[in-house]
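Here is the structure we will look at, set down as structure tokens.
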Amino acid sequence: MYGQFHIRGQLHSTLYAFDTPQVEQANFYQGLQFRINNEKAPSSYFNTAFRVAKQGDSDWDDRIYNFYGNYGNTFDRFQVRVGRQFIYQGVVNGTLDGLGIKFRLVPKLTIRGFAGLEAPFTRDFRIVESDSNAFGAHLSYRAGKAVNLDISYFQRRRNEATVWNIVGTALNGNPWSDFHYYVDVRHNLESEQLQGLRFRLDYYFGAFGFSGEFNRQRPRIQQDSYFRIFQISEFSQFRGGVNYTLGQMQFGAQYLFTDFYIEQGNQLIVNAATEWGYLGLVFQNGYGGENIGVFGDVRYELLSNLTVKLFSSYYNYERQTTDISEDATSFSAGFLYQPFQPLALQAEVQESINSTYDNDLRGLFRLIYSFRK
Amino acid sequence: MKNWLLVLLTFALLLLVVTAIADGPMQQNDPRFSHETHVVDEELECLDCHEVAEESQAGKDNLFPERSVCMDCHDEEPEKTRWMAHLTPISTYSEKFSHEQHLGAGETCESCHTPIKAAMKSERYAIPNMNECMTCHESKAITNDCANCHLPGENLLPMTHRLVNFDRNHGDLALNGVRMAGNKDCASCHTEQAFCQDCHESDNIDRRTHALNFEVTHALVAQMKKQECATCHTERQFCIDCHRDNNVLPRNHKVGWTNKFAGDGGRHRIEALNDLDACLACHEQNAEITCGGCHGS
């Protein structure tokens, strides 16, 4: 009558030590994530992801990222989720201790609803004591490859007042297989102002990929913030990118222009990548500051169960209003070794050299155990 | 505001009507074959027609019956089977998929091809999509590793992931559940329960989310609005705690910061107009004290 129960998850233990001119400290992190379900009801399960940590001499602290029970019928046409859950749907964004419901009315139309208390931003295992709750809804209509429509709404309340009240609409699709468009409009119902607008086109032409984006946005300032008395100005941003694939190599460039209320900023990033690593250069000037940087990352599979990792970066930057030139250099080297299937070991030495916090040497050792029964 | 809502609702309604009428393109060939008639009314078994399915070991196998199989029953009405010449095998399905293995493990045809029994026409092949395969595998503790179904060397990276600014744009796909070819979404490949949170809410000690030295360079990223910090740091208390603990003293707050000439607001006025987020990073908590002295409450 009852099917078998299955559990799948991962256990990871991490020792992280660092040594700076001010502090010598060792931290320990113990994380666990798993999902349990019965084979007779594949869409119903309990899921959790959490970690506890001892950082230096401080007390143990905990973070519960997910802790929920999920009920779903066949192929998830109806789903109820109760507990702490990470929500990322349209304008609904955050971690709630509460209820999430999904209902696929017809194959093309899905409605989701969320309500609950906002989880503490530290994600510790307690219910927020203050009157801080939130609810939202998300409707998605999949008309076909060419047209997908999403409408979403999110409200946050604190101390019996609405502090965030936003509605959003997104439209996207692939009218042709090599072409993708995306439009996203967000309106703040409380301040009666446009909160954000994003318009993007992606086009693939053989080995080339092109992307252009326009973005207009206001800072996310809630209604109970003192900063509401000020003029909340928006910024506009244009982003253009191109990439080219040549065999196993990929080359890319991206230009970003940001128009702030009074000043402007520019940024250019170029990079080259292979399957096992990438090298990038960044140039920036204008309001956001002057910056020239180079960064590289290598993850090379030396053996089928041994991956070597190297990372290095150098930035020379100057904040516009300080006129102080600063350097930041970093380096890390490590490996990921899997002696046998469910077990993996990760070790890494990290070094940061900068004029603000002086030199900083860190060591990471992690043991990852995956299980499935 | 009412105008905005009206436009939105009109637009949404129009879209619903147009797409409901259109109902999407029909499958190539579009044969008007009724499984319902054959399976329900005539009580035929699936294997009566798809006899080779039982021994099929590869997704590229052609499992459509030969025309002669149809002619066994329809020998006096050959016009009913003429369209079969236009059927093409479903060659793009997973090369490694084995019907034999699934049937041998106790699955039935209907385990996967659930809706086909009632299908009045066969414009859709009623083949489960990858999400449905993975849900079933998940429930039976069968591995969902890519290599379990895909061949070595298959390029599984979606085109969207190739773009140079995917690190920023991937959120748009995730936020609105954008589906790609084969009805795939993020969770189709990223099956780990906390895949998003591993980056978005982690301790970042392995530097996957923010590279080394990000503590000192993050202002450049934040100020250029290159990333949406609030996607993960939904509470500004995060900024305040760190700035306070590390005694971050902004070096642009120098003499003349608030007033270069009496009443002009100095550089701080320009900074606030350009990037109010930067002010909030430290001052939101005690704004009434810090700002209220001049600006009032």
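Readers should treat all values here as calculations from the given coordinates under stated rules, not as data from a laboratory. All of these numbers come straight from a predicted model, not from anything done at the bench. Positions of Cβ are backbone-derived with ideal geometry, glycine not excepted, and every protein chain shown enters the neighbour counts.
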### Query
Counting only other chains, what is the mean number of Cβ atoms within 10 angstrom of the Cβ of each residue in peptide A:318-330?
4
### Task
Compute the convex hull volume of the Cα atoms of region A:293-369, divide it by the residue count, and report the result per residue in Å³ as a whole number.
91
### Task
Between the alpha-carbon centers of region A:296-373 and region A:212-279, tell me the distance in whole angstrom.
25
### Query
Where nothing but the Cβ of Lys and Arg (+1) and of Asp and Glu (-1) is charged, how large is the charge dipole of region A:185-261 around its Cα centre, in debye to the nearest 20?
60
### Task
Quantify how strongly other chains surround peptide A:217-228 by giving the mean number of their Cβ atoms within 10 Å of each of its Cβ atoms.
5
### Task
Please report how far the C-alpha centroid of region A:140-206 lies from that of region B:99-113, rounded to the nearest whole angstrom.
41
### Task
Percent of Cα-Cα pairs per 20 Å bin, from 0 to the last occupied bin, for chain A, please list those.
19, 52, 28, 0
### Message
Can you find, among A:Ser352, A:Tyr71, A:Gly173, the residue sitting farthest towards the positive end of the charge dipole of chain A, where Lys and Arg contribute +1 and Asp and Glu -1 at Cβ?
### Response
A:Tyr71
### Message
If I model a spin label at A:Leu302 and A:Thr20 as a point 7 Å from the Cα along the Cα→Cβ vector, what separation in nanometres do I get?
### Response
3.1
### Query
Shielding of B:135-144 by partners, i.e. mean partner chain Cβ atoms within 10 Å per residue?
5
### Task
Determine, from the Cβ-Cβ distance of A:Arg216 and B:Glu55 and an R0 of 60 Å, the FRET efficiency 1/(1 + (r/R0)^6), rounded to the nearest 0.05.
0.50
### Query
Which length gain, in nm to one decimal place, applies between A:Lys40 and A:Glu160 when the Cα-Cα distance is subtracted from 0.36 nm times their residue separation?
38.8 nm
#### Entry: Farthest toward positive dipole pole in the protein assembly as shown [+1 Lys/Arg, -1 Asp/Glu at C-beta], among B:His200, A:Phe214, A:Ser43
A:Phe214
### Message
Can you compute the FRET efficiency between B:Arg67 and A:Leu201 using 1/(1 + (r/R0)^6), with r the Cβ-Cβ distance and R0 = 41 Å? Round to the nearest 0.05.
### Response
0.30
### Residue among A:Tyr278, A:Tyr244, A:Tyr261 with the largest mean-square fluctuation in a Gaussian network model of chain A, springs linking Cα atoms under 10 Å
A:Tyr261
### Query
Can you list the equivalent-ellipsoid semi-axes of the protein assembly as shown, largest first and in whole Å, using the square root of 5 times each Cα gyration tensor eigenvalue?
49, 30, 25
### Message
Give me log10 I(q)/I(0) at q = 0.20, 0.23, 0.25 Å⁻¹ for region B:235-295, Debye formula, one equal scatterer per alpha-carbon, no solvent.
### Response
-0.85, -1.08, -1.21
### Query
Any idea how far the Cα center of region A:87-117 sits from the one of region B:247-277, in Å?
42
### Task
Would you look at the GNM of chain A, springs on alpha carbons closer than 10 Å, and say which of A:Gly98, A:Gly144, A:Gly72 moves the most?
A:Gly144
### Query
Nearest 0.05, what FRET efficiency do A:Ser132 and B:Thr37 give at R0 = 60 Å with Cβ-Cβ as r?
0.55
